[in-house]
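The values are calculated or read from the model by the stated rules, or taken from the named source; none is laboratory data. For clarity, every value in this text was computed on a predicted model and none was experimentally measured. Neighbour counts are summed over all protein chains in view; Cβ atoms, including those assigned to glycine, are modelled from backbone coordinates with ideal geometry.
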Amino acid sequence: MATQQTQKLARILIAPSIILLLLWMIVPLAMTAWFSALNYNLLNPVKTFAGLGNYRYFLSNPAFLSSLLNTLVLVGAVLAITAFFGVLIALLLDQVIVGRRVVRLMLIAPFFVMPTVSALIWKNLLMNPVSGLLAWLWRLFGQTPVDWFTQVPMLSIILIVAWQWLPFAVLILLTALQSLDQEQQEAALMDGAGAFDRFFHLTLPHLARPLSIVILIETIFLLTVFAEIYVTTGGGPGVQTTNLAYLIYSQALLQYDVGAASAGGLIAVVLANIAAIFLMRIVGKNLET
Amino acid sequence: MARRTPVPRLVLTSVVAWTVGLVIFFPILWMLLTSFKTEIAAFSSSPSFLFFHWTTENYAAVWTRSNYLEYAWNSVVISLGSTLVALAISVPAAWSMAFSPTRRTRGILMWMLSTKMLPPVGVLVPIYLLYRDAGLLDTKLGLVIVLCLSNLPIMVWLLFNYFKDIPKDILEAARMDGATIGKEIIYILAPMSVPGIASALLLNVILAWNEAFWSLNLTSSHAAPLTAFIASYASPEGLFWAKLSAASTMAIAPILVLGWFCQKQLVRGLTFGAVK
C-alpha cells in the first residue's frame, strides 16, 4: 500500500538522519581539505599556502607505509582470531551445559569494559614482565617471562583488542546457531552424517551471514582503534604499533602539524572508503535478503 | 523433543565451557581481586589468589584523589543523552527504510555505515576548532552531539534490520479490520518494535559509555566522563597497581552490571539481521 502519501512521509522521516550525517561528514571534511593545503602549525600563528606539499610530506614519510601495514595487520589478525574462536565458543555454548547462564555472563563481560580500562589492566596486571600474572605463569613452567610490549608489541595490542571483541562475535554467532533448524540436523543425523559433515554442510553455511555481520561491524571499529594504543605503547617502540589513526593523532597533537595531519586525515578517509567499498562487495552479497 | 544429553558428555562440555569462560573472564576477576590488595601484595611476583590481606584502602584513596561521582555523573548524562537523541533521529529513519524501501535504501544504509569507518582523528582538528568557537569544548552538550552523530549509523542499521523483520501481513490484516494508523502504531507496531529499540538503546549506551577518543580530546575538567577519569591513571606513579584496579573497577562497574542485567534485551535485537 505504498501510496504517494506514505512515500512522502517516508522521505520526511529519513531526512533528519541523512542531513545530519551529511553535515557531520562534509563540514569537517571540507575544513580538513582546506587545512591540508596550508602550512599550518599550532605553534606558528602564520599560515601560508602549501599546495600539495603536505601530501608529499605525509606520503613520503616512512611511518605512513608502516602505519598502513600495521592497520591491516591489526584488523586482519583480530578478525581472524575473533571469527575462529567465536565459532568454536558459540558451538560450545550451544550445547547443554551446567550453569550455562553464568558461563555466558563471564564470556560477554569483556564487551562492557571500556578500551582504556582493558588496555591498562592487560598492560599492568597481566603483561608486566616482572609482576604480571603472565610472567608468573611463564616462570611456573620454567620459561623466561616475555616482555610483551617490548618484544612483541603488535601481538600484545592484537591480544587486547581481540579479547574485547570476542564476546561480540560469540553473541552474534550464538544467536544464529540457536535459530538453526533442529529438524534438519536430526534428519542429517538419521542419514548417518557425522559431526564433521554436519558442521561443514549445515552449520557453517548457516553461519556465513552472521560471520559477514561480525566482520563488517568489527572492521568499522577496528579501523579506528586508538585508545588501546594511546594508553599502552603510544605507538612504539619506534612506530611498530602506530596505526593510521595514531599516526595522524601524533602528527596533529604531538607535533602540532595540523597541515600534515589534515593531509593524513584525508588520505585515511580515501583509504577508508576504498575499504568500505571492498567490504560491501564481499559482505553485501551475504546480506541480500 | 529435547533429547537427554549423556552424562559423560554433559560433564565434559561443562568443564570445557567453564574453563573457557573463566579464562576469558579472568582479567576482570583479577582486576577485582587486585583492587582489594595492598600495593605491595599487588606488585608481588608470586601472586596470591584469595589468601591475602583484604583491604578497601585503594577505593578510599581513589575516592579522595579524584571526584568519582562527578565523572560518573558526566558519563551517565553523556551516554544517556546521546542515546536518546540518536534514538529520536534513527527510529523514524530506520522505520521509513524498513516499511517503504526504495531502490536507494541499501545504498543509503551503506553510505551511512561508511561514515563510521572514517578515523575520527581525521576530523579532530576541525571539530576542535568549531567547538572552541561555539563554546562547546569541555561541555556535556558537546560530547552528546559528537557521540550521537558518530553512533547514529550503527543505530539506524540495527533498527532497520529489526523493523524489516516485522511481518507486514499483520498490518494489512489490521487495516482490513478497520484499524486507523494511530491504533496500528499503538497496538501492533509499538509492542513489536520495543525489543529492537531496547537493544539499540542498550548497545548505544554501552558504546557511548566506553567511548574514549572524543571524550579524551574534547573534555578537560567539567565534562570529563569516566574514560578520562581512568586515563589519568595511565602513567605509573610508584606502586599504583591496586589503585589502578580500584579505579578501573569503579569505572566499569555501572555498565557491567547494567549489561549483565539487560543481557537478554541486548541480545534479542543485536542480530543485525544475522538471523533470517
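Inspect all residues belonging to the range B:241-256 and state whether any of them is within 13 Å of chain A (Cβ to nearest Cβ) and either more than 30 Å from B:Arg65 (Cα to Cα) or part of a loop (DSSP other than H, G, I, E, B) (or both). No, the range B:241-256 has no match at all.
The criterion of being crowded, with 19+ Cβ neighbours inside 10 Å and within 30 Å of B:Thr139 (Cα to Cα) holds for B:Ala86.
Here is a yes/no grid of residues against (1) more than 10 Å from chain B (Cβ to nearest Cβ); (2) surrounded by 22 or more Cβ atoms within 10 Å (Cβ to Cβ); (3) without any contact (Cβ under 8 Å) to a residue 12 or more places away in the chain; (4) within 17 Å of the chain's Cα centre (by Cα):
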position: A:Leu202; (1), (2), (3), (4): yes, no, no, no
position: A:His206; (1), (2), (3), (4): no, no, no, no
position: A:Ile215; (1), (2), (3), (4): yes, no, no, yes
position: A:Phe221; (1), (2), (3), (4): no, no, no, yes
position: A:Glu228; (1), (2), (3), (4): no, yes, no, yes
position: A:Gly236; (1), (2), (3), (4): yes, no, no, no
position: A:Thr241; (1), (2), (3), (4): yes, yes, no, yes
position: A:Leu254; (1), (2), (3), (4): yes, no, yes, no
position: A:Val258; (1), (2), (3), (4): no, yes, no, no
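Would a scan of the range A:167-180 turn up a residue that is of a type in the set (Phe, Trp, Tyr) and crowded, with 18+ Cβ neighbours inside 10 Å? Yes: one or more hits.
Per-residue answers, yes or no, for (1) out of contact with any helix residue (DSSP H, G or I) (no Cβ under 9 Å at 6 or more places or on another chain); (2) closer than 17 Å to A:Phe221 by Cα; (3) assigned by TED's automatic domain parsing to the domain that holds B:Tyr71:
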{"residue": "B:Leu147", "(1), (2), (3)": "no, yes, yes"}
{"residue": "B:Ile154", "(1), (2), (3)": "no, yes, yes"}
{"residue": "B:Gly182", "(1), (2), (3)": "yes, no, yes"}
{"residue": "B:Ile185", "(1), (2), (3)": "yes, no, yes"}
{"residue": "B:Ser220", "(1), (2), (3)": "no, no, yes"}
{"residue": "B:Ala224", "(1), (2), (3)": "no, no, yes"}
{"residue": "B:Phe240", "(1), (2), (3)": "no, no, yes"}
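Condition check ((1) at pLDDT 90 or above; (2) surrounded by 23 or more Cβ atoms within 10 Å (Cβ to Cβ)) across all residues:
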| residue | (1), (2) |
| --- | --- |
| B:Phe213 | no, no |
| B:Leu226 | yes, yes |
| B:Ala231 | no, no |
| B:Glu237 | no, no |
| B:Trp241 | no, yes |
| B:Ala246 | yes, yes |
| B:Ala251 | yes, yes |
| B:Leu256 | yes, no |
| B:Thr271 | no, yes |
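Within the range A:32-44, residues that are within 11 Å of chain B (Cβ to nearest Cβ) reach partners that are crowded, with 17+ Cβ neighbours inside 10 Å and part of a loop (DSSP other than H, G, I, E, B) with beta carbons closer than 9 Å, at six or more positions or on different chains, in the pairs A:Ser36/A:Ala50; A:Tyr40/A:Ala50.
Mind checking which residues of the range A:110-126 are within 17 Å of A:Thr175 (Cα to Cα) and aliphatic (A, V, I, L, M)? If you could, list the steps in order and put the result at the bottom.
Start the filter on the range A:110-126 by keeping residues that are within 17 Å of A:Thr175 (Cα to Cα), which leaves A:111.
Answer for the range A:110-126, where residues must be within 17 Å of A:Thr175 (Cα to Cα) and aliphatic (A, V, I, L, M): there is none.
Identify the residue in the range A:199-258 that is of a type in the set (Phe, Trp, Tyr) and not in a helix (DSSP H, G or I) and, among all such residues, is farthest from A:Ile282 (Cα to Cα). Only one residue fits best here, namely A:Tyr256.
Residue count for the range A:129-170, restricted to those that are facing chain B (nearest Cβ under 8 Å) and touching a helix residue (DSSP H, G or I) at 6+ places or on another chain (Cβ under 6 Å): 5. Counting only helices (runs of 4 or more DSSP H) wholly contained in the range B:70-177, the ones carrying 1 or more residues that are facing another protein chain (nearest Cβ under 7 Å) and within 23 Å of B:Trp209 (Cβ to Cβ) occupy B:105-115, B:124-134, B:140-164.
Across the range B:227-236, the qualifying residues are those that are touching a residue at least 24 places away in the same chain (Cβ under 8 Å) and either more than 7 Å from chain A (Cβ to nearest Cβ) or of a type in the set (Asp, Glu) (or both), and the one among them that is farthest from B:Trp63 (Cα to Cα) is B:Ala228.
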